[in-house]
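> I am attaching a structure below and will ask some questions about it afterwards.
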Ligand SMILES: [Zn+2]
């Protein structure tokens, strides 16, 4: 059995998903969970792209230990110096530098000839090497590059000191058999590759990212770049949970192992989905809501008789909590603490007190509080920003023959503020009333509603994306048994985040 390193780029490529924007604290939360999950490398960001990104990378480098922290940089001195600035305090820092090698990128994007590309690559690796021994070099758009030229670049990068060589399928164009062959040829044609780890980075434009990565592993790749839930540019990246579970489940034909603690997969998936505001499709392999549910009677009967009749993996293995009824109105603080611990939430005494108050309020509305309810409640808790405004009450009058009108009361530092407004519907009316009170009017980019659990007293979860005048997008989330209340809470959560951001950056509203 050979080890395959897992390089997670959720915080870099994943964060480049359209509509996703994470603040530094959210990135740190994800990085901590990735460390718990057992990834080998966390690519924390692309520091040259913005001061905010650089700051987030530094924070992760300082706070998260026991894992390699990488920063991305183009093959230019300023990029590399900025990347180093950001990760220099990491326990194990890695600079990841890249330049394109395909003719199409050379001609239209870089406007450079092949010899210049080699010079730049060598100079970049040598400069990075001055800062850290751990240097990764990527040949962007490698899968569409001329093989002989690509091999020359790879050889030069290894000789300059690169310890990992990454071969990306940047545009998701490769086909598994062809890509496997491509990897094998690179290893054959570049003997110095015995000094470096070969890595792949596959995109999912044709839905082949995981298949291509597996083909590469079979042909000698020993690092895979991937993201949680497969998020990333366009159709996304190779999904971490899929590649890891494929290796785990099919050891018989894939004699490789990773350092991933599979029981942490589900929790990581939930955290990333919640913080990015990108829902996981129900039929998504491994972590989708339906991944382990059996609908057909024949299947259900089979699974009840013997699980392995229709299940190739135990859901427990990826950390999916069993959906059994747990707590109710009469459950005490101790029972809640124990259950939350089982779900992976270690709380301080103070946090437990807060969680208990919320739990009691929830148990008053719902007869049975399930694991999913608790997770929804805790996710609201962990994504907390200071509550500049909190919801005191709202009244709605609506119907098919009257104009929906909302009266909303908010609390700000103990002071009660009230306004009324009309709108196209009850949610719109509530949002307009909140705008009047806060003096903010962000654009509502997205509104979605989901039932967290089933049944009449199910918890509804509303997720909104709000955009301010600077183009900054935040995700707000609210949970309640009442969808209008969940809508109001989600909107306020977004507004509080925007205000928190202004405070952090000293920007004016
Ligand atoms: Zn990518």
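> Which of the three applies to region 321-382, rounded, prolate or oblate, going by the alpha-carbon gyration tensor with a ≥ b ≥ c and a/c under 1.5 meaning rounded?
Since a/c stays below 1.5, the shape of region 321-382 is classed as rounded.
> What distance in nm separates the two pseudo spin-label positions at residue 310 and residue 192, each 7 Å out from Cα along the beta-carbon direction?
So the two model labels end up 5.6 nm from each other.
> Please work out how much length the chain gains when fully extended from residue 457 to residue 295, using 0.36 nm per residue of separation minus the C-alpha to C-alpha distance, in nm with one decimal.
56.1 nm
> Which angle from 0 to 90°, rounded to the nearest 10, does the C-alpha axis of helix 176-189 make with the longest principal axis of the chain?
40
> Any idea what angle helix 483-505 forms with the longest principal axis of the chain, computed on alpha-carbon atoms, 0 to 90 degrees, nearest 10?
Approximately 50 degrees, to the nearest 10.
> Compute the acute angle (0 to 90°) between the alpha-carbon long axis of helix 209-218 and the principal axis of greatest extent of the alpha-carbon atoms of the chain; round to the nearest 10°.
It works out to around 40 degrees.
> Continuing with the same structure: Within 10 Å of each residue's Cβ, count the other Cβ atoms and sort 137, 292, 98 from fewest upward. Don't skip to the end; give the middle numbers.
Details: 137 29, 292 17, 98 23.
Least to most surrounded, the residues fall as 292, 98, 137.
> Just check the chain against the gyration tensor rule for me: Cα atoms, a ≥ b ≥ c as the square roots of the eigenvalues, rounded for a/c under 1.5, and otherwise prolate or oblate depending on whether a/b exceeds b/c.
Cα axes put the chain in the prolate bin.
> Please arrange 108, 502, 345 by how many other C-beta atoms lie within 10 Å of their C-beta, fewest to most. Before the final figure, lay out the partial values.
Working: 108 10, 502 16, 345 20.
Final ranking by Cβ density, sparse to dense: 108, 502, 345.
> Here is a further query. Residue separation times 0.36 nm, minus the C-alpha to C-alpha distance between residue 103 and residue 116: what's the value?
Residue separation times 0.36 nm, minus the Cα-Cα distance, leaves 3.4 nm.
> Using packing as a proxy for protection, rank 331-339, 38-46, 263-271 so that the peptide with the highest average count of other Cβ atoms within 10 Å comes first.
Working: 331-339: 14.9, 38-46: 26.2, 263-271: 21.7.
Highest-to-lowest ranking by the protection proxy: 38-46, 263-271, 331-339.
> Right, next: I need the calculated FRET efficiency for the pair residue 133 and residue 175, taking r as the beta carbon distance and R₀ as 35 Å, to the nearest 0.05.
Working: r = 36 Å, r/R0 = 1.02.
The value I calculate is 0.45.
> Can I ask one more? Counting other C-beta atoms within 10 Å, which of 422, 388, 475 has the fewest, and how do the rest follow?
Ranked by crowding around the Cβ, least crowded first: 422, 388, 475.
> Length gain on complete extension for the stretch residue 365 to residue 413, per 0.36 nm per residue less the alpha carbon to alpha carbon distance?
Numbers: separation 48, 0.36 × 48 = 17.28 nm, distance 2.75 nm.
Answer, rounded to one decimal: 14.5 nm.
> What is the distance, in nm, between label points placed 7 Å from the Cα along the Cα-to-Cβ direction at residue 146 and at residue 77?
3.0
> What whole-number distance in Å separates the alpha-carbon centres of region 55-71 and region 88-114?
21
> If R0 is 56 Å, what FRET efficiency do you get for residue 393 and residue 206 from their C-beta distance, rounded to 0.05?
Calculated value: 0.60.
> When DSSP assigns beta bridges and you keep just the ones with both residues in the chain, what percent turn out antiparallel, to the nearest 5?
If we restrict to bridges inside the chain, about 50 percent are antiparallel.
Here, each number is a calculation from the coordinates, and none is a lab measurement. Every value quoted in this text rests on a predicted model; they were computed, and no experiment measured them. In this analysis, Cβ positions are derived from the backbone assuming ideal geometry, glycine residues included, and neighbour counts consider all displayed protein chains.
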